[in-house]
Protein chains: 2
Amino acid sequence: MNKALLVVGSVAFDTLKTRAGERTDILGGAATYIALCASHFAPVNLVAVVGKGDFPDEHVQLLTGRGVNLDGLEMAQGRTFRWSGVYADDFSTRQTLKTELGVFADFDPKIPPHYRSPSFVLLGNIHPAVQEKTLDRIGGAPFVITDTMNLWIDVAADELKRVIARTHLLVINDEEAQQLTGEKQIRNAAKKVLAMGLRAVIIKRGEHGAFLFTGDDVFFCPAIPLEEVIDPTGAGDSFVGGLAGYLVSQDRTDAPALRRAMRCGTAVASVTCEGFGTTATAALTKTRIDERIAFLEKLVRLD
Amino acid sequence: MNKALLVVGSVAFDTLKTRAGERTDILGGAATYIALCASHFAPVNLVAVVGKGDFPDEHVQLLTGRGVNLDGLEMAQGRTFRWSGVYADDFSTRQTLKTELGVFADFDPKIPPHYRSPSFVLLGNIHPAVQEKTLDRIGGAPFVITDTMNLWIDVAADELKRVIARTHLLVINDEEAQQLTGEKQIRNAAKKVLAMGLRAVIIKRGEHGAFLFTGDDVFFCPAIPLEEVIDPTGAGDSFVGGLAGYLVSQDRTDAPALRRAMRCGTAVASVTCEGFGTTATAALTKTRIDERIAFLEKLVRLD
């Protein structure tokens, strides 16, 4: 069995504007945040695609410097995926201004032989057809963690349902849970999602925290109230990255491990929000992560 | 010292519409919810005003049946305070359709002699001038818990600041905290509120739970995810009622007691949302409350 976390997802350039300022073509993408965060807990094998001509070596070095294996990072002819968006002043909504898929349009995940038979795979938020191909190609019987978004529920519902049928832990937000199930109340939505055959579902509520539903049990992990939010881009990816990295490090997937994993994910996601793009994420340290986990423990403790 | 919780606030008739249905002229008012909830923990002395001609005896009996002392409930010439409103389907907002103050317009709180020198007073969400008069008249050196709303921050800021200066624990929601301090982030808003001289501030986030700030410490109590929400009217009043009742029962106001009190408030508030008006609140039992508190304990427990 392969003891690294296999991550498939996007590596991208983001152009974004928040109440704190704006940045152009900075490093982003779900797989980037996931890899940076998970690497503090476990080895990471990354599968993604970028443009051969426009992806700077400093980004490669940032990831390899964190011990992330990039043998699965394809350098293809064309431009790297680009996204641009603007956040509302209270960060409650964001508007996509432009999406330029570039080499990502024909992304066909290539799994290096030494990536195969992983114990854990994290399907980052990409088209479900690519998530499905990844599962088809990796072999073994991994614990599958799947992230997705409203867009795929809209435009690729059938593929997504096939991926969910092969998923153990689904990570979605409350709006997506409602969209997927038609249920307004989070507990009812979770019940319907679990009935799709999953072992567990996490329903995220952004700055309000996240619920974990396993069988009849419910666990809640609050988000960390921050003194300043600079840019929430990648917070959800960071969350699932920290979470998955912790599970790999423990080689456990039972409910108590999932609960602890949620605190790890919450800790790294809170740091991501404190800088533009991956700035704060890239500067993460184990000490900082441990401080945030301790804060979360204290946040709900009576004495 | 008087060992009952002194409550001042509104007793009203509500006409309301939610996605679950509509009701006309049902029992409501902040002091009603507070008294019904607090009475499961401690004796309650109520100060309010209703119309002599239109307030039915069954409402009086409901409250006295819960052991609430109504010697401070004035029966005045005129009509009882009436409010009507309609909730958005997702309960995120509500619109006031009509407010008819009636006898509440000239409410001059009368404190029966045996109500004086309380250990704890809860100033329900009413005009700060009435809250101030109450403090002037009760005597002693009670622990003062104050609830308020955006309207009073808008139209009676000076009176409200005077009340806050005499308050130990202020209970507001996140929008009110921002309105009061100009701070967007909850931690910064809490710091500014505490700097007004308070011992503690609770910042509520509705269905997302509530924060307690005491000195440099932060505690968070999630809300209970419900399978069905019928009507959230009175949830905030129920919260502060359960909270205050618990503090009186323990005769403590330290941070560990305040944290436990938040769970009591959250437990009773969740029940209030499960029926129209006071229907579910009136049917509260100690067993039901204890079940909900146990749920809250388990909701954040790792093992």
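The values are calculated or read from the model by the stated rules, or taken from the named source; none is laboratory data. All values reported here derive from a predicted model rather than from experimental measurement. Ideal geometry is used to build each Cβ from the backbone, glycine not excepted, and the neighbour counts take in all protein chains shown. What goes into the accessible areas is simple: the full protein's heavy atoms, side chains included, and nothing from ligands, DNA or RNA. Shrake-Rupley method; radii C 1.70, N 1.55, O 1.52, S 1.80 Å.
Structural remarks
- For the peptide B:216-228, the mean number of other protein chain Cβ atoms found within 10 angstrom of a residue's Cβ is 5.
- Dipole of chain B, positive direction: furthest Cα of B:125, B:87, B:7, with charges on the beta-carbon: B:7
- Dividing the mean sequence gap of close Cα pairs (under 8 Å, 6+ apart) by how many residues the range A:211-280 holds gives a relative contact order of 42 percent.
- Taking B:101, A:169 and ordering them by how much accessible surface each has at a 1.4 Å probe, largest first, produces B:101, A:169.
- Summary value for chain A: 18 percent relative contact order, contacts being C-alpha pairs under 8 angstrom separated by 6+ residues.
- Restriction of the trypsin sites (Lys or Arg not before Pro) in the range A:236-303 to DSSP coil positions whose beta-carbon has at most 15 other beta-carbons within 10 angstrom yields A:252, A:301.
- Among the protein heavy atoms of the protein assembly as shown, carbon and sulfur supply 48% of the accessible surface, probe 1.4 Å, non-protein parts ignored.
- GNM flexibility winner over chain A from A:148, A:64, A:233 (Cα, springs under 10 Å): A:64
- Projecting the alpha carbon convex hull of chain B along each direction and taking the average yields 14.6 nm².
- Among A:219, A:13, A:41: highest mean-square fluctuation, GNM of chain A, C-alpha pairs under 10 Å: A:219
- J(HN,Hα) series, the range B:280-291, from Karplus relation 6.51 cos²θ - 1.76 cosθ + 1.60, nearest Hz, glycine and proline x: 6, 4, 5, 8, 4, 10, 5, 4, 4, 4, 5, 4
- Calculated label separations, residue B:150, copies of the chain, 7 Å along the beta-carbon direction, nm: 2.2
- Inter-chain neighbour count for A:250-260: the average number of beta-carbon atoms from partner chains within 10 Å of each residue's beta-carbon is 1.
- Charge dipole (debye, nearest 20) of chain B; +1 at Cβ of Lys and Arg, -1 at Cβ of Asp and Glu: 700 debye
- Part-to-part distance (alpha-carbon centres) for the range B:172-250 and the range B:3-62, which is given in Å: 22 Å
- Accessible area per residue for the protein assembly as shown, computed on protein heavy atoms with a 1.4 Å probe, is 39 Å².
- GNM remark for chain B: springs join alpha carbons under 10 Å apart, and the peak mean-square fluctuation among B:155, B:271, B:49 falls on B:155.
- Across the identical copies, how the residue A:257 labels are spaced - nm, sorted shortest first, 7 Å along Cα→Cβ: 4.4
- Chain B: calculated mean residue ellipticity at 222 nm from DSSP helix runs of at least 4, using -39500 (n - 2.57): -11000 deg cm²/dmol
- Measuring between alpha carbons in the structure, the pairs from A:192/B:17; A:161/A:192; B:184/B:298; A:3/A:52 lying more than 21 angstrom apart are A:192/B:17; B:184/B:298; A:3/A:52.
- Label geometry 7 Å along the beta-carbon vector: residue A:60 inter-copy distances in nm: 8.6
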